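**Q** Before I ask anything, here is the structure I am working with.
The values are calculated or read from the model by the stated rules, or taken from the named source; none is laboratory data. Computed from a prediction, not measured in an experiment: that's the story for all the values here. Glycine gets a Cβ as well: all are built from the backbone with ideal geometry, and neighbour counts include every protein chain shown. These accessible areas exclude ligands, DNA and RNA; they are computed on the full protein's heavy atoms, side chains included. Shrake-Rupley method; radii C 1.70, N 1.55, O 1.52, S 1.80 Å.
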Amino acid sequence: MNAYEVLKERGFIEQLTHEEEIKALFEKGGVTFYIGIDPTADSLHVGHFLTVMAMAHMQRCGNRPICLMGGGTGMIGDPSGKADMRKMMTVETIDHNVACIKKQLSRFINFDEGEGGAIIANNADWLRNLNYIEFLREIGTHFSVNRMLAADCFKTRMDRELGLSFLEFNYMIMQGYDFYELNKRYNCMLEMGGNDQWSNILAGADLIRRKEKKDAYGLTLTLLTRSDGVKMGKTMAGAVWLDPEKTSPYDFYQYWRNIEDVKVEECLSLLTFLPMDEVRRLGALEGAEINKAKEVLAYEVTKIVHGEEEAKKAQTAAKAMFVSGGANEDAPTFEYEADKLAEGIDILTMLVDSKLCTTRSDARRMVQQGGVSVNGKKVDAIDATFGKADFDDKDRILLKKGKKKFCQIKEK
């Protein structure tokens with residue numbers, strides 16, 4: 001199967017600029033394409049993961065990915081899908097985030113030199129030192145303000161009281177210029193991105209066709225959403241990150257283990273490399289049997305992101321928790337110094353340190369609502385303290401929040 005057939009069968013494709021031409025391009029193979037990633041944080045999250053999987057499938061079919069880091073566009077911020085202006089970041093923060101994301105991507109994409117090896121590019125190389133007047137004359141003249149204002153990515157913001165800043169209005173032009181630069185430098189003919197990037201992708205393809213009189217194409221990918229339309233990858237604690245320091249492999253596994261039944265087959269198709277026959281078989285399971293499919297999904301996605309060893313640990317820990325109500329050595333663990341445990345640690349501090357709660361106010365609310373237990377007993381007081389004297393026969397405190405989240409407290 002060529003890349004078009006793979007992406008189509010697995011449900012990646014949302015929109016295309018020139019379907020028949022893109023089909024022919026993929027049949028020929030060897031397509032150089034790009035996907036942009038703005039460094040708004042020092043880690044990729046679940047929303048990025050779908051586009052990364054699309055890149056991986058494309059590369060496996062003999063095409064060449066360009067992973068474009070937004071070291072330049074990140075200084076403005078993409079207004080697409082945002083109700084308010086993004087927080088401005090310093091150059092130092094942006095460059096740090098770019099370095100972190102580059103390292104993460106190498107887990108999924110082959111950057112080996114040679115034919116087919118992916119390319120890492122950074123639009124800071126051509127955007128940060130642009131001559132404004134020259135840029136307006138060379139590039140700005142090809143953009144219609146009327147067409148830009150009609151784009152979905154601007155419409156929502158224009159209707160709001162805060163409106164759209166001129167800074168953000170430039171983002172579409174910058175992204176279009178990225179495609180133009182990559183076309184000149186690497187003969188990149190296709191831009192891919194989430195479906196919320198459609199207007200920006202059209203702008204780049206149109207710029208190349210107008211200015212260079214060359215073919216250029218765009219393809220958007222389906223957005224990963226819950227059944228209510230909200231983007232997948234958000235929890236009460238925030239985003240689900242690919243960085244194990246931000247979202248532990250266990251919590252990452254649990255996120256996929258607990259998704260909605262109706263989303264299991266879609267996620268197996270988009271986020272794993274399982275053959276489609278197996279995806280359809282698992283997706284057809286009903287009732288309690290669907291939990292088997294969820295376990296496969298959680299294991300396969302965790303294996304891709306964190307490696308097989310961490311996936312096995314997360315799976316073992318999850319089964320120990322749900323089968324016996326306990327936990328084993330592979331469970332999430334937080335360690336305190338012996339002297340701290342001797343003094344005793346208040347429950348709010350313990351909940352925040354173990355990352356079961358994001359803030360003390362969140363921890364206080366969970367205790368007051370009766371959602372916290374220690375060694376199987378509900379904690380009633382927000383000033384309760386626990387220490388070495390509370391260790392169970394496994395030399396730990398089993399701290400639990402709600403029905404599904406827990407952490408072992410141990411001595412260093």
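**Q** Extending each Cα 7 Å along its Cβ direction at PHE273 and ARG210, get the distance between those two points in nm, one decimal.
**A** In this crude spin-label approximation the distance works out to 4.2 nm.
**Q** Related question: Would you tally the net charge around THR225, using a Cβ to Cβ cut-off of less than 9 Å, leaving THR225 out, and scoring K and R as +1, D and E as -1?
**A** With Lys, Arg at +1 and Asp, Glu at -1, the neighbours total +2.
**Q** Around ARG209, what is the net charge, scoring Lys/Arg as +1 and Asp/Glu as -1 over all other residues with Cβ under 13 Å from its Cβ?
**A** Once positives and negatives cancel, what remains is -1.
**Q** For the chain, which whole percent of the accessible surface, found with a 1.4 angstrom probe, sits on carbon and sulfur atoms?
**A** 47 percent
**Q** Moving to a separate point now. At a 1.4 Å probe radius, which order do MET232, MET75 fall into by accessible area, largest first?
**A** The most accessible residue leads, giving MET75, MET232.
**Q** Taking the mean number of other Cβ atoms within 10 Å as a proxy for protection, how do you rank 334-340, 303-309 from highest to lowest?
**A** Answer by packing, highest mean first, reads 303-309, 334-340.
**Q** Taking every pair of Cα atoms in the range 283-412, average 1/r, invert it to obtain the Kirkwood radius, and report Rg/Rh to two decimals.
**A** Reported Rg/Rh, Kirkwood definition of Rh: 1.03.
**Q** Sticking with this one: Tell me, Kirkwood radius of the chain from alpha-carbon pair distances, in Å?
**A** 23.5 Å
**Q** What does the net charge come to around PHE26 if you take all other residues with beta carbon closer than 15 Å to its beta carbon, with K and R at +1 and D and E at -1?
**A** Charge balance near PHE26 sits at -2.
**Q** Before rounding to the nearest 500, sum -39500 (n - 2.57) across all DSSP H runs of length at least 4 in the chain and divide by the residue total; then give [θ] at 222 nm in deg cm²/dmol.
**A** Here the helix-only value at 222 nm equals -13000 deg cm²/dmol.
**Q** What FRET efficiency comes out for GLU335 versus LYS102 if R0 is 30 angstrom and r is the Cβ-Cβ distance? Round to the nearest 0.05.
**A** Calculated transfer efficiency: 0.45.
**Q** Please give the per residue accessible area of the chain, computed with a probe of 1.4 Å over protein heavy atoms only, in Å².
**A** That works out to 48 Å² per residue.
**Q** Please sort 356-362, 94-100 by packing, taking for each peptide the average over its residues of neighbouring beta carbons within 10 angstrom, highest first.
**A** 94-100, 356-362
**Q** Turning to a different aspect of this structure: Rounded to the nearest 20 debye, what is the charge dipole size of the chain about its Cα centre when +1 sits on each Lys and Arg Cβ and -1 on each Asp and Glu Cβ?
**A** That gives the chain a dipole magnitude of about 480 debye.
**Q** Relative to the Cα centre, what is the charge dipole magnitude of the range 360-412, using +1 at the beta carbon of each Lys and Arg, -1 at the beta carbon of each Asp and Glu, and rounding to the nearest 20 debye?
**A** Once rounded to the nearest 20, the dipole reads 340 debye.
**Q** Here's another thing I want to ask about it. Antiparallel versus total DSSP beta bridges in the chain: what percent is that, nearest 5?
**A** Within the chain, antiparallel bridges account for around 50 percent of the total.
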